[in-house]
Amino acid sequence: MALNTLNSEQLKAATAGLGHNLVIASAGTGKTSTIVGRIAHLLYSGVDPKKILLLTFTNKVAGEMLSRLERFFPKEIVSQIESGTFHAVCYRWLKARDSSKVLLKQPSELKTLFKSIYEEYDFSGNELQAFSALYLYELYSLYQNASIDTFDKWFLASYGEHDCFVDMYMSIIEKFENEKKEYGFVSFNDLLLHTIDYLNSEDLYFDEILVDEYQDTNTLQGALIDAMRSKSLFCVGDYDQSIYAFNGANIENISTFTTRYKDANLFSLITNYRSTSSILELANRVIEYNPRIYPKQLKVGCDKHDIPPRLMIYHELFEQYHAIAHSIWSSHVPHNDIAIIFRNNSSADGVEATLRELGIPCKRKGGTSFFDTKEVKFLLDVLSLFSNPKDMMAFLHIFEYAKGVGPALAKDFFLSLVYVGDGDLLKGILSPTINTLPKKNSLTTGNLFGEMEDNTKNIKRSAHPLYSHQKADDDNMVFFENIKEYYKEILKEKNPSKMIAKLIKSPLYESIVELLSLQRSRLKNGEVEQNRYAGAKERILQKAMLLYELSKNYHEIDRFLNAMILGAGELSQGDGVNLLTVHASKGLEFLDVYVIDLMDGRFPNTKLMSRGGELEEERRLFYVAVTRAKEKLYLSFASYDKVKKTEFKPSIFLFEAKLLKESDYSLGA
C-alpha cells in the first residue's frame, strides 16, 4: 500500500479530509512521497481518477509521480489522472475546446510581431530614452505573470519616470493583443489567461487539485487555481525555498493561504532525511532572519556521523578555486556525489578551470563550459597551432572567424601555407621559401584551385604568396595579416602567460571580441542592443583574463595546453563534479557540497538586489544551497579578486550562521 512507507507527519497530511490543505514541506522531508501518498489515498477513498488534477512545474516530475503510483494501481487507472505543467494542461484543454483558435507561438516569434508594431511609433522629442521593444515586451510578459492590476498602473509603480511614454506603450500592447486575436496566436501566458476566461463561463470541475512547489506559483497561476473553483486543494511547498521572484513567483500565494481560505488546514513536514544535524542547525540559524510565515524547525531524520560545516577563508579568488580543486582531488567521495554551488555563473569559470588543471571531470548544468566558449576556444586554438603547426583542425577553427571563409577554403589556405613553407606551416606564414602557390590539382585536396571567380581585383597586394590565391580578398587577408603579426611577435616567446597577454591585446583577438560581442547583442531585426553589447564584451574579456591567470602556473606552452585541452578529455561523458547555480541545484542532493564565493556583493548578489531583488530572497537562496548537502558542507570566501582588483567583505550569511564574528570585520563601511 502506498501509504505504508510514510512517516506520521506525511501520513497525517496525505490522509487529510477534502478541503483546503497546505503542506509546508521543508528541504529533504519527503514532499514527493507525500503527494504520491495523497493521490493514493484519494483513489483508495473512491475518488474518480478523472476528477484529480496534478499540477507540477515540469512534465518530468508529473511523470515520475504517476510512475510511482503505477506500483500500486493499474496503469489504466493512473493514466486517467489529469497531470502536467500549468501550460501543458491548459494547452490540452484549449485545443480540445477549439483547436483552430489556438496557434501557440514561441516568444521569439511574438517578439518579432511586437517589434513590428513598436516601430510604428515615434519616441523622439523627449530627453528620456524610451524602453526598447524587446525590453518592453519582457516587462509586459512579467506583468502578465505578476499582477492583476492594469498594465499602466503596474508599470508606473516601478517606472514612474516613463509616464511620458505610457500612453504609447499601452497603445502598442493593445494593438499587439488585437493582432494576436485576429490570427489566433497565443503565448504561453495566454494559455493560462484564455483558460481563466474559459473557466469563468464553463465548469471544468475536479474533486481535488494538487499543486507541487506551491511557493513558486505566480499571480497568474494563482488566479488560474482560483478560477477552477475546486472545493479541495492540496498545495505542497516551502516558503523558505521560494527563489523565483525574478520570474514572477509570488510568495504571497503561499503566505496568505490560511487567510484566503478560512477553513484551511496546515501541515508541516519537518523531519529531514537528507542532512546531518550540524548542517540543519546552520540552515535554521540563517533562515530564521527571514520573517517566519508559518512556524517550523527542521529536525534530523537520519542517523549519520555528524561533521560540522567548514568555513574556508582565502586571500585571493584563485587561491580559493585552487584549494577547492585540491580538496576534491584528495577526496575519496565519488565525483558525481560532489557539488560546487554558486550564486553567479561567472564563479563557475574559475573553479571549472582549476578542476581541469588537475584532471578532475566536471559538468555544468545550464550554460556553456568555460572551455567550450568560443572566446576561450579561439585563444587555445591560436596557441595550439603555434605549438603544433600540423594541427589543421585548429587552423580551420581559427579561420572560421575570417569573413567569407568556410571550411573548404580554410583547408585550401592551410595546404597552401604548408606548401609555400616547404612543409612547415609557421614558416609558410612568416617566411615562405616558395613564392608561388601550387598549380591546380597538385595538392591532396584534388581541386585546390578549380574554376573560381576572381575576387582579388581590389586587394592590396603583398609579397606573401597567399595573396595570389583566387579566393583571397581584402577581408580574409586582413585576418591573415593579423595572425601573421601575432605569430611574428611571439616567435621566440616561451612563457604561456606572456603569449596569452599579447594575444588578448592583439588586433587579431580584438576582432574576435568585436565579432562575438555583436553576435550576442544583435536582435532579430539586425539591430545591436548597446547594453547587451557592453555586457557581452565585458564577459568575453573576463574569460580571456581568467585563462591568462591560469597560464601563470606554467612555464611551457605544451604543458599549459595539455592541462587546458587534454586534462579531462578521456573521461566518460556525464561523469564528474557537479557545477551548479543555486537555482539549478534546487531539488538535488549530494554527499559533499561546496558553496563558494560567499562575499558581500556576490552572495548576496547586491547588483540584482538593486534591480528590485530582496535580501530575504538571497537568504532563501543560501538556505536552498546549504540544504543540498547530505554529509559535508564547505563554505568559502576570498577577500580579493586580482583580475578586477576588487576587495571583498564576507557575506552577511556567514555572520548569521555564527561562523564569523562581526567584531572581526567592519561591516558598515
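The values are calculated or read from the model by the stated rules, or taken from the named source; none is laboratory data. Just so we're clear, the structure is a prediction, and the values are computed from it rather than from any experiment. Virtual Cβ from ideal backbone geometry, glycine too; neighbours counted across all protein chains shown. Areas reflect the complete protein model, heavy atoms only, side chains present, ligands, DNA and RNA absent. Shrake-Rupley method; radii C 1.70, N 1.55, O 1.52, S 1.80 Å.
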| remark: Across (1) among the aliphatic types (A, V, I, L, M); (2) open to solvent by less than 30 Å² (accessible area, probe 1.4 Å); (3) at pLDDT 85 or above, L546 clears everything bar (3)
| request: Might you check whether a residue that is within 28 Å of the chain's Cα centre (by Cα) and modelled with pLDDT under 85 occurs anywhere in the range 129-147? | output: yes
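Looking for whichever is open to solvent by 10 Å² or more (accessible area, probe 1.4 Å), aliphatic (A, V, I, L, M) and in contact with a strand residue (DSSP E or B) (Cβ under 7 Å, 6 or more places away or on another chain) here; the options are A157, A249, A245. Which one fits?
On the way: A157 fails: in contact with a strand residue (DSSP E or B) (Cβ under 7 Å, 6 or more places away or on another chain); A245 fails: in contact with a strand residue (DSSP E or B) (Cβ under 7 Å, 6 or more places away or on another chain).
After applying the criteria, what remains is A249.
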| note | Exactly one of L66, L42, L18 is in contact with a Ser or Thr (Cβ under 7 Å, 6 or more places away or on another chain) and in a helix (DSSP H, G or I), and that residue is L66
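Considering every residue within the range 307-319, establish whether at least one is in a helix (DSSP H, G or I) and aliphatic (A, V, I, L, M). It would help to see each step written out before you state the result.
Filtering the range 307-319 for residues in a helix (DSSP H, G or I) gives 317-319.
From what is left, the residues that are aliphatic (A, V, I, L, M) are 317.
So far as the range 307-319 goes, yes, one or more of its residues are in a helix (DSSP H, G or I) and aliphatic (A, V, I, L, M).
Look at L210 and say whether it is under 19 Å from S26 (Cα atoms) and either open to solvent by 10 Å² or more (accessible area, probe 1.4 Å) or assigned to a strand (DSSP E or B) (or both).
Values: under 19 Å from S26 (Cα atoms): yes; either open to solvent by 10 Å² or more (accessible area, probe 1.4 Å) or assigned to a strand (DSSP E or B) (or both): yes.
Answer is yes for this residue.
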| field | Checklist (1) part of a loop (DSSP other than H, G, I, E, B); (2) open to solvent by less than 40 Å² (accessible area, probe 1.4 Å); (3) charged (D, E, K, R) applied to D240, failing item | value | (1)
| said: Restricting to the range 95-122, name every residue that is open to solvent by 60 Å² or more (accessible area, probe 1.4 Å), within 30 Å of E202 (Cβ to Cβ) and either in a loop (DSSP other than H, G, I, E, B) or touching a Phe, Trp or Tyr at 6+ places or on another chain (Cβ under 9 Å) (or both). | reply: R97, L103, Q106, E109
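Tally the residues that are touching a strand residue (DSSP E or B) at 6+ places or on another chain (Cβ under 8 Å) and crowded, with 19+ Cβ neighbours inside 10 Å, restricting the search to the range 70-84.
Taking the range 70-84 as the starting set, the residues that turn out to be touching a strand residue (DSSP E or B) at 6+ places or on another chain (Cβ under 8 Å) are 81-84.
Right, trim to crowded, with 19+ Cβ neighbours inside 10 Å and you get 81, 83-84.
Within the range 70-84, residues that are touching a strand residue (DSSP E or B) at 6+ places or on another chain (Cβ under 8 Å) and crowded, with 19+ Cβ neighbours inside 10 Å number 3.
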| Cβ pairs under 9 Å, 6+ apart, first in the range 150-170 and at positive phi, second assigned to a helix (DSSP H, G or I) and surrounded by 11 or more Cβ atoms within 10 Å (Cβ to Cβ) | none
| Looking at (1) assigned to a helix (DSSP H, G or I); (2) in contact with a helix residue (DSSP H, G or I) (Cβ under 9 Å, 6 or more places away or on another chain), can you tell me which one R92 breaks? | (2)
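Criterion first (under 29 Å from A584 (Cβ atoms), surrounded by fewer than 16 Cβ atoms within 10 Å (Cβ to Cβ) and either under 37 Å from the mean Cα position of the chain (by Cα) or free of Cβ contacts under 8 Å to residues at least 60 places away in the same chain (or both)) does E64 satisfy it? Please lay out each step first, then the result.
Working: under 29 Å from A584 (Cβ atoms): yes; surrounded by fewer than 16 Cβ atoms within 10 Å (Cβ to Cβ): yes; either under 37 Å from the mean Cα position of the chain (by Cα) or free of Cβ contacts under 8 Å to residues at least 60 places away in the same chain (or both): yes.
Taking the combined requirement at face value, the residue satisfies it.
For S517, state whether it is in contact (Cβ under 8 Å) with a residue 40 or more places away in the chain and surrounded by 16 or more Cβ atoms within 10 Å (Cβ to Cβ).
Working: in contact (Cβ under 8 Å) with a residue 40 or more places away in the chain: no; surrounded by 16 or more Cβ atoms within 10 Å (Cβ to Cβ): yes.
In short, no.
Conditions (1) in contact with a Lys or Arg (Cβ under 9 Å, 6 or more places away or on another chain); (2) on the phi < 0 side of the Ramachandran plot; (3) open to solvent by 10 Å² or more (accessible area, probe 1.4 Å), marked per residue:
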residue: L3; (1), (2), (3): no, yes, yes
residue: S26; (1), (2), (3): yes, yes, no
residue: K50; (1), (2), (3): no, yes, yes
residue: L53; (1), (2), (3): no, yes, no
residue: F86; (1), (2), (3): no, yes, no
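In the range 576-669, which helices (runs of 4 or more DSSP H) lie fully inside it and hold 1 or more residues that are open to solvent by 50 Å² or more (accessible area, probe 1.4 Å) and in contact (Cβ under 8 Å) with a residue 60 or more places away in the chain? Break it down into steps so the answer makes sense when it comes.
Working: elements: 582-585, 606-609, 615-626, 652-656.
Result: 606-609, 615-626.
Kindly indicate the residue of the range 291-335 that is more than 29 Å from the chain's Cα centre (by Cα) and among the β-branched types (V, I, T) and also surrounded by the fewest Cβ atoms within 10 Å (Cβ to Cβ) among those meeting that condition.
The initial filter retains those residues of the range 291-335 that are more than 29 Å from the chain's Cα centre (by Cα), namely 292-308, 330, 332.
From what's left, among the β-branched types (V, I, T): 293, 300, 307.
Details: I293: 18, V300: 18, I307: 14.
My answer is I307.
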